[in-house]
Amino acid sequence: MVRELISSITEIPTPDIVVQQIISTASNPNTSAKELEKVISMDIGLSTKILKLVNSAYYGLPRKITKLSEAVVIVGFKTVRNLALSVFTYSVLHSKTTFIDHDRLWSHFMATAIFSEQIAKDVGYMNREEVFLAGMMHDVGKLALDLILPAYIFELANVSKKMERPMFIIEYENSFENHMEIGEELLRHWKFPEEYVTVAGLHEKPSLNPNSPYIEMICIVHLANVFSNILLPETSLSYGEPYLDPLIFNVLGIKPSRLETMYKEMKQILSKSKDIVFGGVEDETRVQT
Amino acid sequence: MEIQQLLSKYMLEISKVTNEETLYSAFSGILRKVIEINVLNVLRSEKVVYCEPLGEYIENELFSDYIPWVEERLYPTFLPLENGYIGLIPIFKARKSLATIVIKTNNEPTAEVIDYVQLLAYLSGITLENLRLLDFVDRAREYFESIINLSNDGILILNNVNELEFINNKARETIEKLPKVLDMILNHINMQENFFEIEENNLFFSVSTKEVELLGEQKILVNVRNVTSEKEVQKLKEVDKIKTNFIANISHELRTPLAAIKAYVETILNMPMSQEEIQDFLNIVYGQSLRLEELLNDLLDFSQLESHTMKIIKEPFKICEIVVNAMTTVSKMAEDKGVEIKYDCQDTTISCDKRRVEQVFVNLLTNAIKFSDPSKTEKYVNIQISDELNNVRIVVEDNGIGIPRDKLDKIFEKFYRVDNELTYSAPGTGLGLSIVKEIVELHGGKIEVYSELGKYTKFIVILPKE
């Protein structure tokens, strides 16, 4: 039912051709990186925003980058790709005024992305850019719900707040299609590769499928989501004590005692990346009309 | 070449590297398959540790501001130059940057090249850390090995069938010089002793052994310490103490007869006495004078002993005559103590210093009588003299109190008394036996002692006839 909803409802934006190409590189970055760089370069608005993000304090570059081609070789194509998709996601999130605060939800997306990358670095997981992107997209289900049923998600957030329980638990208990499933459907609809779809589906409770081929990525995003809910409370529209799945200790090879050090680290990273977490990038929607 | 083929080639190559240099060279080789390299430098802690081509360095100011950034970010990065690029490739493990490879290239790196480089860096990080760990372990082992070998104590490890498994330098030195030491140690271990001392070639070793578990197997750890100098110091201290005791002792010994002489003579001078009474008193005075003389002779002998200036004058004498003389000298004392002197002499002529040899007998007999066992009803000293071709064999055996086993080797030492305290349980200077030994040795003979506590003491003296 959700699938039909998402593909039929016009409220759900569809990425334009540039973003479509960018998404396709998320699964196969070797296809046309150089070509895509040219495409993005030609889109002055997009490349300006990307350059602004690249030069933000989060990346802490010693010298200012002024050209997209420089950005691609210095911070890497995948990072540029992630930033391009962040511009797109931001604009989708801000495409409509509803009952919820989109800037706050955006800060949850970005904080989770940044924490995911940091955790990947901590545990020695190589594909850090992929994890960043997965972290950024993990909660797009909430975005979709907000576009399709804005009153419903607003009410859901209120119940979560009143009951002081995480939103996903309330969703489960009411056995309505939840934001995880809807996120999966939206990412499929946007033709994101399977790993991002899976992360969106399992990020609240990785142990639902411990045998997933992307279990490391799922666990990293899950932990990042928990940190994000602690450090930026209520931005995710979820309240109460966040749920931490014990599966992550085994999968990521960390001891519970290490969480405290990681928490401090996340706090530090967050204070360093305020500009991209809270700043956002105003943009006309990068959406096909 | 396909990326996969390149990677398997590289993994095979890095599995063979033995040092950092070969790893860097392999890295450079595989990197050159995907990107042209003009110069390659490897930085470790801001210092260039590897160059290709040799001696060529990339200008530091082109990239140095990016080094901390790259080492924090742990991604390869390429800085555009006017013509070409500087590539900075951090080699890392977990979050630790181990080295940074700096390359200068004319090619623009594609996204796939950067991806590939990141994979190489990841693989190299694991190898590099292993190399450094190995090196660290090697150096740590060397460090501890040096400590063990520099130790002044010998350290050995024996396996469960007592075969030598490890030996440090000190222990090897000792055993090469004194091979018997190892056998002695093994003997003690077989007797289940954990702490013992061994003596070999006038050197003393204190040995401790301990059962230990090494790498899951039962072994014996043996510690051998040369305690010769400690022993010597201990000996000197003992001699010093004995000398002090000796002075106190001899003063007492001299004072007793002197006091008697003084008292008796005073009485004779101040009291009207009959001729007979005077005669009796003078006999006592005479007896005490003889005792004084004897003590002074001992003292004189002692000084000769100290300075090794004792001289003997050899003349032929009948051995039995000398023995009879000595027996006469001690007969009064033997009678007082109730000790019977038995005597069996095979007469022969011996070339010796009569007075000195007589002294040997007197001292041995005096000792036997002095240390007779009062608890025994039948107390005796048995002298046996036999003619043995070139030697005369003298055995003096008593059934006295005996000498403790551990003191047997000390009784010939100067001033040594087994009681060793001012107990006066038996009078004496403690010089008797050391004088005996000196005389016997001056005659070219030897003396041995056997004893069992509470049962007997037996001295065997062998004197050459000529």
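Every number here is computed from the coordinates shown, using simple stated rules; none is lab data. Fair warning: this is a prediction, and the values are worked out from it, not measured in the lab. Cβ atoms come from the backbone with ideal geometry, glycine included; neighbour counts cover every protein chain shown.
A compact table of results
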| item | result |
| --- | --- |
| Computed Kirkwood radius, in angstrom, where 1/r is averaged over Cα pairs of the range B:140-205 | 12.8 Å |
| Distance cut-off 14 Å, percentage of C-alpha pairs in the range A:106-151 lying past it | 51 percent |
| log₁₀ of I(q)/I(0) at q = 0.12, 0.14, 0.22 Å⁻¹ - the range B:296-423, Debye sum with one point per alpha carbon | -0.54, -0.74, -1.41 |
| For residues of B:63-72, the mean tally of beta carbons on other chains within 10 Å | 2 |
| Surface/4 estimate of mean projected area, convex hull on alpha-carbon atoms of chain B, nm² | 41.6 nm² |
| Cα-based radius of gyration of the protein assembly as shown once divided by 2.2 N^0.38 Å, which approximates compact folds | 1.88 |
| The range B:9-72 and the range A:199-247: distance between their alpha carbon centers, rounded to Å | 39 Å |
| Estimated 222 nm signal from helices in chain B, with DSSP H stretches of n ≥ 4 weighted -39500 (n - 2.57), rounded to 500 | -16000 deg cm²/dmol |
| Of the GluC sites (Glu not before Pro) in the range B:5-113, those whose Cβ has at most 14 other Cβ within 10 Å and which sit in DSSP loop | B:E36, B:E46, B:E56, B:E59, B:E82 |
| Of the DSSP H helices in chain A, those whose Cα atoms cover at least 18 Å axially and whose Kyte score averages 1.6 or more | A:215-231 |
| Rough spin-label spacing in nm, given labels placed 7 Å along Cα→Cβ, for B:S229 and B:L442 | 3.6 nm |
| D (Stokes-Einstein, µm²/s), Kirkwood Cα radius, the range B:237-307, 0.692 mPa s at 37 °C | 235 µm²/s |
| Rel. contact order, % - alpha carbon contacts under 8 angstrom, at least six apart, the range B:1-94 | 14 percent |
| Mean shadow area of the range B:181-231, taken as a quarter of the surface of its Cα convex hull (nm²) | 3.8 nm² |
| Count of Lys pairs (Cα-Cα under 19 Å; at least 8 positions apart or interchain) in the range B:1-145 | 4 |
| Cysteines in chain B that, by Cβ-Cβ distance, have no pairing candidate under 4.7 Å | B:C51, B:C352 |
| Cleavage-rule hits (trypsin sites (Lys or Arg not before Pro)) in the range B:301-348: DSSP loop, at most 10 neighbouring Cβ within 10 angstrom | B:K311 |
| Virtual paramagnetic centre 7 Å along Cα→Cβ of A:E265, amide N under 16 Å, in the range B:111-136 | none |
| Over 27 Å between alpha carbons, listed pairs B:K243/B:K318; B:K314/B:K407; B:K180/B:K210; A:K78/A:K274; A:K52/A:K272 | B:K243/B:K318; B:K314/B:K407 |
| Relative contact order for chain A, counting Cα pairs under 8 Å that sit 6 or more residues apart, in percent | 26 percent |
| Pairs of alpha carbons in the range A:59-214 whose separation is greater than 27 Å (percent) | 28 percent |
| Packing rank of B:172-180, A:71-79, where each peptide gets the mean count of other beta carbons within 10 Å, highest leading | A:71-79, B:172-180 |
| Taking the C-alpha atoms of chain A, convex hull volume expressed per residue in Å³ | 122 Å³ |
| Ratio Rg/Rh, restricted to the range A:140-198 and using Cα atoms, in which Rh is the Kirkwood radius | 1.02 |
| B:T348 long-range amide H proximity, modeled H, under 5 Å | B:I319, B:C320 |
| Peptides A:91-101, A:123-133, A:143-153 ordered by average Cβ neighbours within 10 Å, highest first | A:123-133, A:143-153, A:91-101 |
| Listed peptides B:95-108, A:260-273 by packing density, highest first (mean Cβ within 10 Å) | B:95-108, A:260-273 |
| Among A:P166, B:I341, A:F278 the positive-end extreme of the charge dipole of the protein assembly as shown (Cβ point charges) | A:F278 |
